[in-house]
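Right, one structure below, let's go through it.
The values are calculated or read from the model by the stated rules, or taken from the named source; none is laboratory data. All figures in this text were calculated on a predicted structure; none of them were measured in a lab. Reconstructed Cβ throughout: ideal geometry from the backbone, glycine too, with neighbour counts over all protein chains shown. Quick note on the areas: whole protein, heavy atoms, side chains included, nothing else; ligands and nucleic acids left out. Shrake-Rupley method; radii C 1.70, N 1.55, O 1.52, S 1.80 Å.
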Amino acid sequence: MQVSENSHDDFLFIDDSDEDEILACSNNETWQVLIVDDDPEIHSVTQLALSDLVVLSRRLEYLHAYSGKDACRLIEEHDDIVLVLLDVVMETDDAGLNVVKHIRETLQRKDIRIVLRTGQPGYAPEESVIKEYDINDYKTKTELTRRKLVTTVFAAIRSFQQIATVNENRLGLEKIVSGATELSSQHSLSKYSQGVLLQLKTLIGGEISAVFCARGQGIIDNIDDLSFYVLAQIGFDENLINQKLNQLQNKQVSKQVKACFLQQKHEYLDDNLNLYVAKGDYRAVIHVRLSTTLTEIQTQLMNVFLTGVAVGYENVHLFKKLTNAAYKDSLTNLPNRLEFVRLLDDFAQNDFKNQVAALIDINHFSDINDALGQDIGNKLLSAVGQRMQSIDHECQFARVSADVFGIIGPADCLTPESLMALFHQPFRAGEQHLPINACFGLCTKEHAKSSGVQVLNQINIALNIAKKNRLEHFAYYHSDIEDQMQWRLNMIRQLRNDFSNNCLELWYQPQLSLTTGKVIGAEALLRWRTADGKFVSPAVFIPLAEYSGLIVEIGDWVISQACKQLKMLETSYADLSISVNVSIPQFRQESFVHNIINTITQHKIKPSKLELEITENILMDEPQIVIDALTKLKAQGISIALDDFGTGYSSLSYLQKLPLDRLKVDRAFVTDINKEGQSIIAETIINLGKKMQLKVIAEGIEEIEQQERLIELGCDEVQGFYYAKPMPSDEFINFLQKKS
Ligand code: C2E
Ligand code: MG
Ligand code: MG
């Protein structure tokens, strides 16, 4: 566009302003305005018209381009241009429009404001261009009086400012949102507080120093006082972390943090901030030293950010509480079972040699709890937990269950002796001094399997062996134990299977009267023939059936089989009785007595025909349960025999309490009965039985001499291979037929 062609230039920028926009400028900052026109005069006139103009407290500063191409270059070079006053027609008819495209499309600058100007109305761009490229204004140069120009520039810069504010807000919010996501993944207090400070730094955008402070008690592990502690810092000193704030040796900071804590609100000062973070029971103060004062927008964003920080701060504490609840024992503050398994995982997998993992089980803890109350029980456990930690500082400790503690540590200090030494002195629990002892299960690293759960199982196995051992109160795990266990488990599985497939049999061993020589009855004895046709001895499988509880079902079956057998014998051998052996787990069944009476009634058996054989060991665990049950059964007329008498540990005082009918002299006292001085026990038992008015039956008679000696001693009845071995039901009937 040629100057001469512009017939209205004379009218340009008629001074019609009342100068009221020209305000006092309080700021050194300026707005960069680019004037683009191929007519140099337009540049000077525009500049003149806008001279002294102050927009939003800033003066204008000008850049000049005389072609579209120049304009594009200048815009690329100066990213602080806020407004372009742009001639449309220059080197080409659409040179101005190309500049617009360059700004919006190539440079992606959406914020720069553009005012299009043209000398001739005929060159007006399409309306669509104005809309599409976000053009602030379109004016013919004739329209541009000074007043109109000022108004246009004003409006454009104000709109630039708004866009900039929105952008800054958006960027700030983006930072807050992405910061919040990052922070929310932090579950440790130190990482979280450090993360907050880093996010603060990003949000503020300049150099800052900051400390994140909170009162120690309840926040930092093992700190009990209420002084301010530093949880995180930037720009101060790394060594401050988890130390008291006064270590910073800056009274001003300490004072400000304390004041902020008391006033419970943020304090925004020009050169520092004290930000109050509080949610629920958790409070903290962040002290920030600024290099430049925050803008209003930054302050607003900071408020938003801090709301999120407080929520996160509470969450971190709640998470810690949850973790503590999940992994710590609240009574002793030691790791709990779950955590112990994790520690054992590490024990199993780390490279340290010569390590040991152990369990300590307090003996008879439940008695102490019952007798002295749970409070004393708890105090005792705390005391044990504490004393245990004196073993060695390298050990790790845990409370694994009610009265079981776990330890992992070096083999040279974690020995049975060092563990036992812990219990040499009584423990103080409240007013009480309690002498207690314990059992120990240990497993050395070389025997340990590869996972924590497996190792826990290993030390548990060792502990169970230690508990059963009457001589030593400790046991080390070794692999034979597990082979045995595996064998036992297999046997139990097989037994359960065979029992449910009706593969167990009840055999009968005749019992005879020594006075008449006649069969008086039989002892029912279980037989287990496995699939390969071999018999497994009851001495082997009965303990397994007892251990697994299977004996309860099997025992019921034995009693009902014996009743059936009695029913079969009733017509021809009405005087015969049958004894069955019973085990302790059967007594523990509440329905035990009821079931037996029921079975007898069902089979219409005379109760005195059935005899129950109990061993004296049965009395050891729960004598009262056994005595009560037997008394009820005896009241029904059922007969009771004490089996294997003399081999067990029971006290004679129980003998008096038992409602007995017969004593059985064990084979051990019969075998050598004819040897010099070897009949004394059999004799004593026989005499005792007589004194108590009980019948006495001797078992294990294999030779006639034994029978003769027993007759001399006054024994009533006998059972043994000499007369007959245990036999199946049909053979027993044959045996009876032959005998009669
Ligand atoms: P027990 O009750 O003392 O049974 C007597 C055991 O001595 C039987 O062994 C029997 O076969 C054996 N015996 C009898 N006379 C002689 C003899 O002259 N010489 C020798 N060497 N042994 C003789 P068995 O049948 O192997 O039973 C072993 C134990 O298994 C029984 O000892 C009993 O405690 C238990 N038992 C067997 N059946 C049952 C049952 O149905 N229930 C329960 N709970 N235990 C049972
Ligand atoms: Mg028996
Ligand atoms: Mg016996």
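Below are the figures for this structure:
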{"quantity": "Which numbered condition ARG59 fails, given (1) open to solvent by 50 Å² or more (accessible area, probe 1.4 Å); (2) assigned to a strand (DSSP E or B); (3) over 21 Å from LYS148 (Cβ atoms)", "calculated": "(3)"}
{"quantity": "Any hit, segment 524-543, residues being farther than 30 Å from GLU702 by Cβ, touching a helix residue (DSSP H, G or I) at 6+ places or on another chain (Cβ under 9 Å) and of a type in the set (Lys, Arg)", "calculated": "no"}
{"quantity": "Filter result for VAL129 (in a helix (DSSP H, G or I) and at pLDDT below 85)", "calculated": "yes"}
{"quantity": "Subset of segment 16-41 (residues that are open to solvent by less than 90 Å² (accessible area, probe 1.4 Å) and either at pLDDT 80 or above or not assigned by TED's automatic domain parsing to the domain that holds VAL153 (or both))", "calculated": "THR30, TRP31, GLN32, VAL33, LEU34, ILE35, VAL36, ASP37, ASP38, ASP39, PRO40"}
{"quantity": "LYS564 being more than 15 Å from ligand 1 (Cβ to nearest atom), open to solvent by 60 Å² or more (accessible area, probe 1.4 Å) and touching a residue at least 12 places away in the same chain (Cβ under 8 Å)", "calculated": "no"}
{"quantity": "Selection within segment 695-706 - within 16 Å of ligand 2 (Cβ to nearest atom) and not acidic (Asp, Glu)", "calculated": "LYS695, VAL696, ILE697, ALA698, GLY700, ILE701"}
{"quantity": "Test for ILE578: is it touching a residue at least 12 places away in the same chain (Cβ under 8 Å) and within 13 Å of ligand 1 (Cβ to nearest atom)", "calculated": "yes"}
{"quantity": "Candidate set: segment 666-680, residues that are away from ligand 1 (no atom under 16 Å from the Cβ) and either open to solvent by 30 Å² or more (accessible area, probe 1.4 Å) or touching a residue at least 40 places away in the same chain (Cβ under 8 Å) (or both); chosen: the one nearest to THR615 (Cα to Cα)", "calculated": "ILE680"}
{"quantity": "Filter result (within 19 Å of ALA562 (Cβ to Cβ), within 16 Å of ligand 2 (Cβ to nearest atom) and surrounded by fewer than 17 Cβ atoms within 10 Å (Cβ to Cβ)) within segment 707-740", "calculated": "LYS725"}
{"quantity": "Contacts under 6 angstrom Cβ, first residue in segment 638-657 being more than 20 Å from ALA539 (Cα to Cα) and polar (S, T, N, Q), partner modelled with pLDDT of 75 or more and away from ligand 3 (no atom under 15 Å from the Cβ), 6 or more apart", "calculated": "SER639/SER608; SER639/ASP661; SER650/LEU619"}
{"quantity": "Criterion: open to solvent by 40 Å² or more (accessible area, probe 1.4 Å) and at pLDDT 90 or above - qualifying residue of ASN350, ASN354", "calculated": "ASN354"}
{"quantity": "Failed item, numbered, when THR615 is tested on (1) more than 16 Å from ligand 3 (Cβ to nearest atom); (2) closer than 14 Å to GLN586 by Cβ", "calculated": "(1)"}
{"quantity": "Residue among ARG147, ARG170 that is in a helix (DSSP H, G or I), charged (D, E, K, R) and crowded, with 16+ Cβ neighbours inside 10 Å", "calculated": "ARG147"}
{"quantity": "Hey, GLN586 open to solvent by 10 Å² or more (accessible area, probe 1.4 Å) and free of Cβ contacts under 8 Å to residues at least 60 places away in the same chain or not", "calculated": "no"}
{"quantity": "Complete set of residues in segment 628-641 that are more than 16 Å from THR599 (Cβ to Cβ) and either modelled with pLDDT of 95 or more or open to solvent by less than 10 Å² (accessible area, probe 1.4 Å) (or both)", "calculated": "LEU630, THR631, LYS634, ALA635, ILE640, ALA641"}
{"quantity": "Cβ-Cβ under 9 Å pairs, at least 6 apart or on other chains, segment 513-527 side within 7 Å of ligand 1 (Cβ to nearest atom), far side in a loop (DSSP other than H, G, I, E, B) and open to solvent by less than 30 Å² (accessible area, probe 1.4 Å)", "calculated": "GLU523/PRO726; ALA524/PRO726; LEU525/PRO726"}
{"quantity": "Residues that are farther than 18 Å from PRO40 by Cα and either of a type in the set (Asp, Glu) or outside the structural domain of LYS131 (by TED's automatic domain parsing) (or both), drawn from segment 69-92", "calculated": "GLU76, GLU77, ASP79, ASP80"}
{"quantity": "Within segment 642-665, considering residues that are crowded, with 21+ Cβ neighbours inside 10 Å and within 14 Å of ligand 3 (Cβ to nearest atom), the one modelled with the lowest pLDDT", "calculated": "PHE645"}
{"quantity": "Any helices (runs of 4 or more DSSP H) falling wholly within segment 362-429 and containing at least 3 residues that are under 16 Å from PHE440 (Cβ atoms)", "calculated": "374-388, 416-421"}
{"quantity": "Residue that is closer than 22 Å to LYS279 by Cβ, among the β-branched types (Val, Ile, Thr) and touching a His at 6+ places or on another chain (Cβ under 8 Å), where the choices are VAL257, VAL196", "calculated": "VAL257"}
{"quantity": "Complete set of residues in segment 669-694 that are within 13 Å of GLN719 (Cα to Cα) and away from ligand 2 (no atom under 16 Å from the Cβ)", "calculated": "THR671"}
{"quantity": "Number of positions in segment 184-224 that are assigned to a helix (DSSP H, G or I), farther than 19 Å from GLN298 by Cα and touching a strand residue (DSSP E or B) at 6+ places or on another chain (Cβ under 7 Å)", "calculated": "4"}
{"quantity": "Of all residues in segment 511-527 being away from ligand 2 (no atom under 12 Å from the Cβ) and open to solvent by less than 20 Å² (accessible area, probe 1.4 Å), the one that is nearest to LEU544 (Cα to Cα)", "calculated": "GLY521"}
{"quantity": "Criterion violated by ARG709 - all others in (1) away from ligand 1 (no atom under 14 Å from the Cβ); (2) not in a helix (DSSP H, G or I) satisfied", "calculated": "(2)"}
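Residues checked against (1) away from ligand 3 (no atom under 16 Å from the Cβ); (2) modelled with pLDDT of 95 or more; (3) closer than 21 Å to GLY521 by Cβ:
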position: VAL670; (1), (2), (3): no, yes, yes
position: LYS675; (1), (2), (3): yes, no, no
position: GLN678; (1), (2), (3): yes, no, no
position: ILE681; (1), (2), (3): no, no, no
position: THR684; (1), (2), (3): yes, no, no
position: MET692; (1), (2), (3): yes, no, yes
position: ILE697; (1), (2), (3): no, yes, yes
position: GLN707; (1), (2), (3): yes, yes, yes
